[in-house]
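Trainee: Sharing a structure, written as structure tokens. Questions coming.
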Amino acid sequence: MIRARVIGAGGFGGANIIELLAAHPEVEVVSLVDVDGVGKPISDKHTHLRGFCDVVVESPEDAVWDGSIDIAFSATPDGVGMKLAERCRDAGTKLIDYSGDFRFNSPESYASYATRIGRDPKHAAEGLLRQSVYGLAELYRDKIAQAPIVGNPGCFAVATILGFAPAVNEGLVDTETLICDAKTGVSGAGIKPAATFHYPLRYENMNAYKIAAHQHNIEVERELSLCAKRDVKVTLITQVVPLTRGIMATIYGCLMDPTITAEAVYDAYVEQYRESPFVRVERSGVPVGNNDVRGSNRCVISVNVDSRTGRLVVISHIDNLMKGQAGSALQNMNIMFGLDETTALRRPPYYP
């Protein structure tokens, strides 16, 4: 059995990966770490886990790194995972980090990211950055299989990159014209959100935030630049809508050939994701919505062409807590341990 530890077990990201691991036939959750609820079963806080996972929460100071843990999930904000990384390496423990700590694989690229979001550009585990892999399995499956550290991608980044990548890879769009309008549910703010994210202030309310300044846009531009083999800029506008979970990214770009058909673009997307079990591509006109992904590890992509304006219009749907977080983390773990990547993830979305 694969022995797993979850750091940050008390948050949404921690609870969701525990849910998935509890149903995994090859994994035993042996350690949960958090600063809250220490000394109590995790099911005292997340009561829906009672009978599925009742492991007692340890404090970060009491957690022992002695080689007894095979995989650690750091469901924590920036700055935590990098401080755990060397202990993981020394104990022979693989690490999947939910934050931006290992999404950038060199000291220079991390420093650029950290400076843009107002953090210290010096990485606490600088020597391990080049051993880490960006955890978007649809792009880096082979590298993830060999990686000791995986930087789980940001939720907006997953929806946007998967929505844009085939068009950029195939040279279908002018990369000077890329725009993404992305809407998310309130769970993306975490279990302890700012006051403005509480229900009375979110109900029947929506707003844009971090306009053209969202931290996930940094990884979007990095990945699409790698696809295009040149510098790519993306205008990303993020909004919060009165929804618990889900992201809808509406993606635009001017077609290089304005006569290309929606069917030809659809074929290009299907070909790119042929070996990606969690990406479903739909033709123009097929209804797609949040219900097609909620509670699943799916990304559902609707491919459309506006022939009047010569623009590609792609709608990309994910569940921000699954494909945007815990689901991707488990998919990565499966790949890292040589398992079928769909293990404990092949389940339909919630309905209704």
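Trainee: Using 0.36 nm per residue of separation minus the Cα-Cα distance, give me the extension gain between R3 and A22 in nm, one decimal.
Mentor: On the way: separation 19, 0.36 × 19 = 6.84 nm, distance 1.17 nm.
That pair, R3 and A22, stretches by 5.7 nm at full extension.
Trainee: Related question: Can you give the extra length, in nm with one decimal, that the chain gains between R347 and D36 once fully stretched, where that is 0.36 nm per residue apart less the Cα-Cα distance? Please list the in-between numbers first.
Mentor: Numbers: separation 311, 0.36 × 311 = 111.96 nm, distance 3.11 nm.
Result for the pair: 108.8 nm of gain on full extension.
Trainee: Turning to a different aspect of this structure: Which FRET efficiency value, to the nearest 0.05, do you get for D66 and K210 by plugging their Cβ-Cβ distance into 1/(1 + (r/R0)^6) with R0 = 30 Å?
Mentor: Working: r = 41 Å, r/R0 = 1.36.
The formula returns an efficiency of 0.15 here.
Trainee: Can you divide the C-alpha Rg of the stretch 7-85 by 2.2 N^0.38 Å and report the result to two decimal places? The partial results should precede the final answer.
Mentor: Values: Rg = 11.8 Å, N = 79, 2.2 N^0.38 = 11.6 Å.
Taking the Cα Rg and dividing by 2.2 N^0.38 Å, one obtains 1.02.
Trainee: With only alpha-carbon atoms in the gyration tensor, what are the semi-axes of the equivalent ellipsoid for the stretch 155-319, in Å, largest first?
Mentor: Numbers: eigenvalues 149, 60, 41 Å².
So the three semi-axes of the stretch 155-319 are 27, 17, 14 Å.
Trainee: Averaged over all directions, how much area does the convex hull of the C-alpha atoms of the stretch 298-352 cover when projected, in nm²?
Mentor: On the way: hull surface 21.8 nm².
So the Cα hull casts an average projection of 5.4 nm².
Trainee: Where in the chain is the longest stretch that carries no chymotrypsin sites (Phe, Trp or Tyr not before Pro) classed as loop by DSSP and with at most 13 other Cβ atoms within 10 Å?
Mentor: On the way: sites that count: Y203, Y350.
My reading of the result: 1-202 is the longest stretch.
Trainee: With everything on Cα atoms, drop me the angle between helix 12-22 and the longest principal axis of the chain, reported from 0 to 90° to the nearest 10.
Mentor: 80
Trainee: While we're here: How many percent of DSSP beta bridges within the chain run antiparallel, rounded to 5?
Mentor: Of the beta bridges lying entirely in the chain, close to 45 percent run antiparallel.
Trainee: Then there's this: To the nearest whole percent, what portion of all C-alpha pairs in the stretch 75-213 is separated by more than 26 angstrom?
Mentor: Working: 3438 of 9591 pairs.
Distances greater than 26 Å cover 36 percent of the Cα pairs.
Trainee: Using alpha carbons only, how many angstrom separate the centre of the stretch 27-44 from the centre of the stretch 52-86?
Mentor: Using only Cα atoms, the two centres lie 10 Å from each other.
Trainee: In the stretch 1-74, which trypsin sites (Lys or Arg not before Pro) fall in coil by DSSP and have 15 or fewer other Cβ atoms within 10 Å? Intermediate values should be presented prior to the final figure.
Mentor: On the way: sites: R3, R5, K45, R50; in loops: R50.
Those satisfying the criteria are R50.
Trainee: Set the bar at 20 Å for Cα to Cα. Now go through K143/K183; K83/K233; K45/K94; K94/K122; K83/K122 and name every pair that lies beyond it.
Mentor: Working: K143/K183 30 Å; K83/K233 31 Å; K45/K94 27 Å; K94/K122 23 Å; K83/K122 12 Å.
Among K143/K183; K83/K233; K45/K94; K94/K122; K83/K122, the Cα-Cα distance tops 20 Å for K143/K183; K83/K233; K45/K94; K94/K122.
Trainee: Against the 2.2 N^0.38 Å scaling, with N counting residues, where does the stretch 238-352 land? I'd like the Cα-based Rg ratio to two decimal places.
Mentor: On the way: Rg = 15.4 Å, N = 115, 2.2 N^0.38 = 13.4 Å.
Here the Cα radius of gyration is 1.16 times the empirical estimate.
Trainee: Still on this structure, please answer the following. Is the shape of the stretch 104-158 best called rounded, prolate or oblate, per the rule: a/c under 1.5 gives rounded, else a/b larger than b/c gives prolate, else oblate, with a ≥ b ≥ c the square roots of the Cα gyration tensor eigenvalues? Don't skip to the end; give the middle numbers.
Mentor: Values: a/c = 2.93, a/b = 1.43, b/c = 2.05.
Verdict is oblate for the stretch 104-158.
Trainee: Taking each pair of different alpha-carbon atoms in the stretch 1-151 once, compute 1/r for the pair, average those values, and report the inverse of that mean as the Kirkwood hydrodynamic radius in Å to one decimal. Walk me through the numbers on the way to the answer.
Mentor: Details: mean 1/r = 0.0633 Å⁻¹.
Kirkwood hydrodynamic radius for the stretch 1-151: 15.8 Å.
Trainee: Using the Karplus curve 6.51 cos²θ - 1.76 cosθ + 1.60 with θ = phi - 60°, what ³J(HN,Hα) values do you get for each residue of the stretch 190-197, in whole Hz, with x for Gly and Pro?
Mentor: Result, rounded to whole Hz: x, 6, 10, x, 5, 4, 5, 9.
Trainee: Now for a different question. Rounded to whole Hz and in sequence order, give me ³J(HN,Hα) for the stretch 23-40 from the Karplus expression 6.51 cos²θ - 1.76 cosθ + 1.60, θ = phi - 60°, writing x for Gly and Pro.
Mentor: 9, 8, x, 10, 10, 10, 7, 10, 8, 10, 10, 6, 8, 10, x, 4, x, 10
Trainee: Another question, if that's okay. Round to the nearest 10 and give me the degree value, 0 to 90, for the angle of helix 216-228's Cα axis relative to the longest principal axis of the chain.
Mentor: Taking Cα atoms only, the helix is inclined about 60 degrees.
Trainee: Related question: How big is the equivalent ellipsoid of the chain along its three axes, where each semi-axis is √(5λ) from the Cα gyration tensor, reported in whole Å from largest to smallest?
Mentor: Details: eigenvalues 217, 96, 78 Å².
Square roots of five times the eigenvalues give 33, 22, 20 Å.
Trainee: Name the residues whose placed amide hydrogens come within less than 5 Å of the amide hydrogen of R280, ignoring near sequence neighbours (fewer than 5 apart) on the same chain.
Mentor: C299, V300, I301
Trainee: Would you pull out the residues with amide H under 5 Å of D78's amide H, same chain only if 5 or more places away, H placed 1.01 Å from N?
Mentor: Close amide H contacts, sequence-distant or interchain: G100.
Trainee: Next question, about the same structure. Relative contact order of the chain, please, whole-number percent, based on alpha carbon pairs below 8 angstrom and at least 6 residues apart. Can you show the working numbers first?
Mentor: Details: 785 pairs, mean separation 57.8, N = 352.
Relative contact order for the chain comes out at 16 percent.
Where a number appears in this text, it was derived from the coordinates with a stated rule and is not lab data. Quantities reported herein were computed from a predicted structural model and do not represent experimental measurements. Here Cβ is always computed from backbone atoms with ideal geometry, including for glycine, and neighbour counts include all displayed protein chains.
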